[in-house]
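Okay, so here's the structure we're looking at.
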Amino acid sequence: MYHLRRLTIVALVITIVVFLATFLPRVLNPVPPSKEKREADQAWINTSPYWLDRQACRWFSLCGLMHVKSDPPAKPKNKDDGHRHDLRHILGDESVTGPTGGSERNKGQLRGIPDYVLNYAPLVHLYSQEFFWPSDIADHMEHVVPDLDNDAWPFNETQTITLSNLNELSSELGFEHLNSKDDVESRPRWLHSKKNRPIAFHDEDGGTGIDQDLEPDGFLSDDTTWFDVNREHPLQRISDPRKLPGGIRQPKPLARRSRTISAREQQRLMSQAAQNIQNKPDGSGYSRAPVTLVLVDKGSGIIDAFWFFFYAYNLGQTVLGTRYGNHVGDWEHCMMRFESGVPRAVFFSEHEGGQAYAWHAVEKHGNETQIQRPVIYSAVGSHAMYATPGNHPYVLPFGMLKDVTDKGPLWDPSKNLRGYWYDYTTTKDDGGLEPVEENADAPTDWFHYKGTWGDKLYGLDDVRQWRLFGQYHYVTGPQGPKFKNLGREKVCQTWRCRIIHSIAEGKKGSWHS
């Protein structure tokens, strides 16, 4: 009887382990894998040089156990890390804080950025103890190399990939990934991008609060289908007898913000940069890393303004002390939908999804006499975007896996950007994108690059890689802005979209619910 009891316990433990090994990955990734993905997964498992590891991976979802180790955000400083300090990206040829010196003919043919897009531009609270700050995609090109064999990559140190030839070279040579030149676990300084750290506004208490349940005066009521529109499905009026007659109310006139940095401010910034090796910006919220603004005209007076934020590295979160989800290159975005120049909603990208808030629900910065701009909170490491500070659990129960945000440095992306108009209806693979008038010389080739902005998924033959219950230590880097469903009808990135009308309502769910 004693031995039978022990065998029963052992069998029960094995059953539980097998159940968790098969059930947990499905919970963490509820989308069933396709045949191609299953075949790719088997090929990935076979990269392990150890038979026992391959079996543990196949049967128990425990892959690369001998590789599991601590993965802190920062490593000891390396004096010779190849980091270069320069001024070429401060208000330089590709900076978009003002006109860039393009030809008058080009400028006359290009559209500018609407005033309301910049007036209502978001403000981003980066995490106070962030390790990986905003990065310039032009700088990123200096630290990555196409995923090709050495003999297949013809360029040398004097001829490299740039934003102007990235897609062209990818199409010609057939590469789909940009691999880091450095071992990312050595934490080279370019991953951290500390020189791009913005310093918060002096008026940190300028917010208007985060629990705004009522729609403020001066904004459109929900009498149109602004939440589900594109050129094929134009805006429709909603007849609602409960609404009072009187038509659409016009927004109160508010003071306009300057669209460019003055010549005196440019001179002061460059003087400051020459004196400060870290090149940290002043209290205006300016960062040396330009964001990417993509404007999409959906017709019927609907304009979607996509603000894309790039980081050289995504540091995954930890579960029981083990880190998951690291990758090189990180694209995050928010989207603001305007109807006839009036803000209607804000979308916050979070991991594989996100949340959409009605304009009146989000926190604003600015008092009643100023233009009130939406406030976004960027999570530490992952840079996922949220409407509130604090803890944001997702996927796993009991808060085991969570993002954390706080009121760290306040970043004003409108101070430094590359702006574009994009026609999502174009049928040409490399067409539809044009720079805005304010930066007529901005490169466009990079936008059409179909590959990833970081390393390909590391195999099990790489000591940096492991996978436990379907969750990888390192994942493949993301694709760029063009592949974020810019032609979407709904505010959300996917067809499943719920507009949240209060902060309290938003806290009840997450990006995957």
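Some points to look at:
- Residue 81 vs. criteria modelled with pLDDT of 90 or more and either surrounded by 13 or more Cβ atoms within 10 Å (Cβ to Cβ) or of a type in the set (Lys, Arg) (or both): no
- Residues within segment 409-419 that are over 17 Å from the mean Cα position of the chain (by Cα) and either open to solvent by 40 Å² or more (accessible area, probe 1.4 Å) or closer than 21 Å to residue 303 by Cα (or both), tallied: 1
- Test: residue in segment 340-353 that is under 19 Å from residue 67 (Cβ atoms), of a type in the set (A, V, I, L, M, F, W, C) and either out of contact with any Ser or Thr (no Cβ under 7 Å at 6 or more places or on another chain) or open to solvent by 20 Å² or more (accessible area, probe 1.4 Å) (or both): no
- Residue in segment 356-371 that is in contact (Cβ under 8 Å) with a residue 40 or more places away in the chain, crowded, with 22+ Cβ neighbours inside 10 Å and of a type in the set (S, T, N, Q) present: no
- Taken as a whole, the structure places residue 331 among residues that are of a type in the set (Phe, Trp, Tyr), open to solvent by 10 Å² or more (accessible area, probe 1.4 Å) and either closer than 25 Å to residue 197 by Cα or in contact with a strand residue (DSSP E or B) (Cβ under 8 Å, 6 or more places away or on another chain) (or both).
- Lone unmet requirement of (1) surrounded by 12 or more Cβ atoms within 10 Å (Cβ to Cβ); (2) modelled with pLDDT of 90 or more for residue 43: (1)
Residues are listed down the side, and each one gets a yes or a no for (1) more than 30 Å from residue 54 (Cα to Cα); (2) modelled with pLDDT of 90 or more; (3) buried (at least 20 other Cβ atoms within 10 Å of the Cβ):
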| position | (1), (2), (3) |
| --- | --- |
| 422 | yes, yes, yes |
| 447 | yes, yes, yes |
| 474 | no, yes, yes |
| 483 | yes, yes, no |
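- Residues located in segment 297-315, provided they are among the small types (Gly, Ala, Ser) and touching a Ser or Thr at 6+ places or on another chain (Cβ under 7 Å): 301, 312
Residue by residue, here is whether (1) open to solvent by 40 Å² or more (accessible area, probe 1.4 Å); (2) free of Cβ contacts under 8 Å to residues at least 40 places away in the same chain; (3) not in a loop (DSSP other than H, G, I, E, B) holds:
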{"position": "455", "(1), (2), (3)": "no, no, no"}
{"position": "459", "(1), (2), (3)": "no, no, no"}
{"position": "477", "(1), (2), (3)": "no, no, no"}
{"position": "487", "(1), (2), (3)": "no, no, no"}
{"position": "494", "(1), (2), (3)": "yes, no, no"}
{"position": "506", "(1), (2), (3)": "no, no, yes"}
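- Taking segment 318-370 and the strands (runs of 3 or more DSSP E) fully enclosed by it, the elements with 1 or more residues that are of a type in the set (Lys, Arg) are at 327-339, 342-350.
- Residue 398 meets the conditions (1) part of a helix (DSSP H, G or I); (2) in contact with a Leu (Cβ under 8 Å, 6 or more places away or on another chain) in every case but one. The failed one is (2).
- Any hit, segment 482-501, residues being touching a His at 6+ places or on another chain (Cβ under 8 Å) and within 22 Å of residue 330 (Cα to Cα): yes
- Scanning segment 384-408 for residues that are open to solvent by 40 Å² or more (accessible area, probe 1.4 Å) and touching a helix residue (DSSP H, G or I) at 6+ places or on another chain (Cβ under 7 Å) yields 391, 393, 395.
- Contact annotation: residue pairs with Cβ atoms under 8 Å, 6 or more positions apart or on different chains, pairing a residue in segment 52-64 that is under 13 Å from residue 42 (Cβ atoms) and open to solvent by less than 20 Å² (accessible area, probe 1.4 Å) with a partner that is of a type in the set (A, V, I, L, M) and modelled with pLDDT of 95 or more, are 57/45; 57/460; 63/45; 63/460.
The values are calculated or read from the model by the stated rules, or taken from the named source; none is laboratory data. All of these numbers come straight from a predicted model, not from anything done at the bench. Neighbour counts run over all protein chains shown; Cβ positions are idealised from the backbone, glycine included. Accessible surface areas use protein heavy atoms only, side chains included; no ligands, DNA or RNA. Shrake-Rupley method; radii C 1.70, N 1.55, O 1.52, S 1.80 Å.
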